Structures are given as C-alpha cells and as structure tokens.
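**Student:** Provided herewith is a single structure, encoded as structure tokens, for subsequent inquiry.
The values are calculated or read from the model by the stated rules, or taken from the named source; none is laboratory data. The shown structure was predicted, so the numbers you read here are calculated from the model rather than taken from an experiment. Cβ: placed from backbone, ideal geometry, glycine included. Neighbour counts: every protein chain shown.
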Amino acid sequence: MSKYSKKREKMQVKTCPCENRDGVAGGQRRVCLPGGEVIINARAELLETAVEAGFQVVKAMLEEDVENLCGFRYCHQRSRKAFRWGETTGEVTLGGRRVGIDRPRVRGRRGKEKILPTYKLLTCNDPLNERILEQMVVGVSTRRYKRSLEVNTEGRATSKSAVSRRFVLRTQQQLVEWLSRPLGELELLALFLDGIEMGEHLMVVGVGVDAKGNKRVLGAWEGSTENTIVCQALISNLAERGLSTEQPLLVVIDGSKALRKAVKQTFGQNAIVQRCQQHKRRNVAGQLPKGLGNLVDLRMRQAYQSDNVDKAQRTLNNLASQLEEEHPGAAASLREGLEETLTVIALGLPKTLRQSLQTTNIIESTLSIVRDVSRNVKRWQNGGMALRWTVTGLIEAEKRFKRIRGYRALPILTEALQQKRGLDNLKEAA
C-alpha cells in the first residue's frame with residue numbers, strides 16, 4: 001500500500017458521535033460552577049440548560065449564606081451566631097411556577113431557625129403574580145396558563161384555580177393603587193369621556209390630554225347604564241382626586257345626554273364641549289337608505305373639513321333642509337347639537353390637531369384594548385370583577401400611548417380656550 005493510500009485511510013477514520021474525549025456521552029458537557037462541576041445536556045434548549053445550571057448556582061448561594069452565619073464546615077469558631085441544622089424541602093418562584101428545592105437549615109443559639117437571605121428573596125411571590133398578570137393581559141386563559149410557560153419544570157401554582165386566585169389578588173391591589181392616583185399636577189387641555197359594556201355592567205372611562213400632548217387615563221366608574229348619576233360619579237371622583245374644574249377645558253363626548261349634563265353640572269362654563277363628528281355622521285347616515293346615506297355622509301365629511309365655521313354650519317343646515325320632507329328623523333338628528341360638532345373649527349385649530357380632537361377615537365382606541373385584554377372572560381360575576389378587568393386593560397393601554405397628532409399646536413388650543421371662556425362670560429353678563 002502506497003503512502004498516499006495510508007493517508008486516505010487515516011483521514012476516513014471517524015470518532016464515535018456518542019462519546020467524546022472526556023468520556024461523557026454525546027450531547028453532554030462538563031461545566032464548572034461555583035457549586036462544583038456539573039454535567040448538562042448541550043443539546044437541550046438554552047432555557048432548560050440555564051435553569052439546570054441555575055439550580056446549581058442557587059445551591060451555591062444558599063451554602064454561602066450558611067457559611068456567613070455558621071462559618072466553614074468542621075471548623076470550631078466561638079464567634080459564630082448559628083449552627084447547621086440539616087436540610088429540608090422548600091419552594092422558590094421560577095418561570096411562572098413554584099418549584100421545589102432542597103434547602104439547608106440554620107438554627108440560632110436559642111434554638112430558633114434563621115431564614116437564609118437568598119431563600120427569603122427567592123420565595124417572594126411578587127414575580128409569580130406579575131407573570132400571571134402579564135400572561136392574562138396578553139390573552140392566555142387560566143386553563144392554558146401551564147402550557148404557556150417556557151421552562152419545562154415540574155412545579156405548583158399553575159392550576160386554573162391557583163392562577164385565578166393570584167390574578168384576582170394582584171388586580172385588586174392594582175385597582176386600589178390606580179383609582180387613588182392624584183391628578184392635581186396634571187395640566188389638562190382636553191378630556192375624553194365614553195363608556196364600555198362589560199357583560200351587564202357599564203364602565204364610564206375618562207382619558208385626558210395634557211399640555212404636552214401626552215394621553216393619560218384618569219379614572220373609571222362602574223354602573224348598570226350610562227346615566228347621569230354614573231357619569232356624575234366619575235367626574236366627581238376626578239375632581240376629588242385633584243382635577244381642576246376652574247380651568248377651561250375641551251371636553252370631547254359622543255351624543256350621550258347623560259355625559260353632557262354631568263359635564264355641565266361639574267365644569268359649568270369652563271367646559272367647552274366638542275361632540276364627536278364620527279358619531280354624528282354615523283347616526284344620520286344610519287337613518288337613510290344606503291345610497292343616500294353614503295352621499296349625505298360625504299357632504300357632512302366635507303363640511304367638517306372646512307376651515308370656516310360659518311360655511312360649515314351653513315352647509316349642514318342646508319343639508320338638513322333638503323332632508324326635512326322625506327327624512328325628517330335624519331334632519332332632526334343632524335340639527336341636534338350641530339354647533340357642538342363644530343367647536344374645534346370655531347376655536348381656529350390647525351387641521352392636524354382638529355383631527356385628533358374632533359372625534360372620540362382617542363378613547364375608543366383605548367377601550368378597544370380593554371376589550372382585547374378581557375376577550376377570554378365568558379361570565380362576569382359582579383361589578384367588582386368587571387372593574388378589575390377594565391382597569392387592567394386601561395393600564396395596558398397606557399403602556400401603548402403616544403402623543404396625539406398635532407401636539408405642537410396645543411398652545412393655540414390653550415389660547416383659544418381662554419378666549420372662548422372670556423366671550424362666554426361676556427355673553428352671560430350681558
């Protein structure tokens with residue numbers, strides 16, 4: 001055999017994939033950790049590998065706590081404050097569940113057991129409650145919570161009832177904190193009010209816009225219908241928490257008479273109401289045949305896009321006159337509250353800012369997130385449950401808020417509100 005044939009034969013020799021040079025089975029690897037050397041499965045998923053190694057780190061941290069209290073093993077130290085007391089089983093929070101571990105025990109000089117600092121930190125339930133809350137917000141049901149966990153480790157607190165109890169506890173704490181937030185430091189220019197149905201319960205919600213264009217959920221109130229009492233209760237709660245009722249404010253609402261009355265009773269002349277143009281167009285077009293309804297909707301939209309309030313009002317009045325004979329209901333709906341649908345035009349606001357303030361889209365998009373968060377709820381047990389889910393959805397909505405379009409023109413709104421209030425006060429005095 002030539003030297004070239006021997007070289008090719010040597011190159012074709014392959015090592016067995018099931019073993020390596022260290023004598024460890026294929027797919028496994030030796031890793032040195034603070035607690036000693038450990039063999040992990042290198043073919044496992046990264047998260048499972050990290051958890052496996054993490055348990056070794058936790059064990060080393062617990063042993064370090066023991067040494068700090070008791071000194072090194074087999075060493076006589078008169079200054080030590082405690083003694084080793086064997087081991088027992090315990091639980092720590094890991095990956096959205098409670099996982100069992102073996103923990104060392106330490107006894108003080110008077111026989112009382114001392115809790116190790118590391119174990120006290122790892123047994124805290126706050127990370128578990130936060131994880132459950134986050135899973136519920138993104139749409140995971142209580143029955144499927146266990147399947148949603150990434151770490152494939154046996155543990156407790158993953159059943160439907162356990163998840164429900166922790167979710168109720170966390171959202172109840174969140175509800176109390178959120179509904180007591182002070183509002184005195186907010187410099188609001190606009191207030192949006194609307195309601196959302198949660199089963200048989202109706203939640204009235206308020207969203208504000210400050211002088212920098214930032215949106216802020218202000219509060220929520222539970223009731224059976226969107227009546228004046230419920231609306232007044234929400235606005236009174238906002239006032240009690242520090243919301244100023246003495247400063248001029250643009251209040252954007254739909255066609256609800258209850259909201260309009262509650263706003264008038266609380267803010268008086270300081271509230272300058274803007275009726276939602278989108279609701280007005282929808283109400284009028286809904287009372288007309290489809291073809292005519294589309295045409296009327298187009299003409300109303302063109303009127304609302306005008307920069308001249310007199311021209312827009314004249315166009316809408318002429319349109320109502322044309323509908324008077326054949327469709328009196330649509331004509332009456334168009335005339336009802338017509339001037340309040342043109343408030344942002346009368347204030348002389350730029351077109352981009354008007355688009356943000358002429359409809360209730362800001363609060364409706366907020367409420368759509370509430371519906372999305374609570375979509376898995378099939379049975380509303382009581383008003384407290386509905387309020388907890390509403391607040392949970394509102395908090396999630398706040399995380400997604402951005403400044404409104406046209407926020408750079410908000411100083412124009414501030415000046416226009418002051419001038420509008422001054423004119424109204426002169427008319428009232430005359």
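**Student:** Any idea which of (1) closer than 27 Å to ALA409 by Cβ; (2) touching a residue at least 24 places away in the same chain (Cβ under 8 Å); (3) not in a strand (DSSP E or B) is the one GLY268 doesn't satisfy?
**Tutor:** Going through (1) closer than 27 Å to ALA409 by Cβ; (2) touching a residue at least 24 places away in the same chain (Cβ under 8 Å); (3) not in a strand (DSSP E or B) one by one, GLY268 breaks only (2).
Residue by residue, here is whether (1) touching a strand residue (DSSP E or B) at 6+ places or on another chain (Cβ under 7 Å); (2) surrounded by fewer than 20 Cβ atoms within 10 Å (Cβ to Cβ); (3) not assigned by TED's automatic domain parsing to the domain that holds VAL207 holds:
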residue	(1), (2), (3)
GLU339	no, yes, no
THR359	no, no, no
GLY384	no, yes, no
GLY393	no, no, no
GLU398	yes, yes, no
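**Student:** Now for a different question. Looking for whichever is surrounded by 15 or more Cβ atoms within 10 Å (Cβ to Cβ), in contact with a His (Cβ under 9 Å, 6 or more places away or on another chain) and farther than 30 Å from GLN247 by Cβ here; the options are LEU334, LEU323, LEU288, LEU319. Which one fits?
**Tutor:** Testing whether each residue is surrounded by 15 or more Cβ atoms within 10 Å (Cβ to Cβ), in contact with a His (Cβ under 9 Å, 6 or more places away or on another chain) and farther than 30 Å from GLN247 by Cβ leaves just LEU288.
**Student:** Are any of the residues in region 179-190 among the acidic types (Asp, Glu) and modelled with pLDDT of 80 or more?
**Tutor:** Checked region 179-190: at least one residue is among the acidic types (Asp, Glu) and modelled with pLDDT of 80 or more.
**Student:** Can you pull out the residues in region 362-382 that are outside any loop (DSSP other than H, G, I, E, B) and surrounded by fewer than 16 Cβ atoms within 10 Å (Cβ to Cβ)?
**Tutor:** SER365, SER368, ARG371, ASP372
**Student:** Might you check whether a residue that is among the polar types (S, T, N, Q), more than 20 Å from the chain's Cα centre (by Cα) and more than 30 Å from LEU298 (Cα to Cα) occurs anywhere in region 196-218?
**Tutor:** There is no residue in region 196-218 that is among the polar types (S, T, N, Q), more than 20 Å from the chain's Cα centre (by Cα) and more than 30 Å from LEU298 (Cα to Cα).
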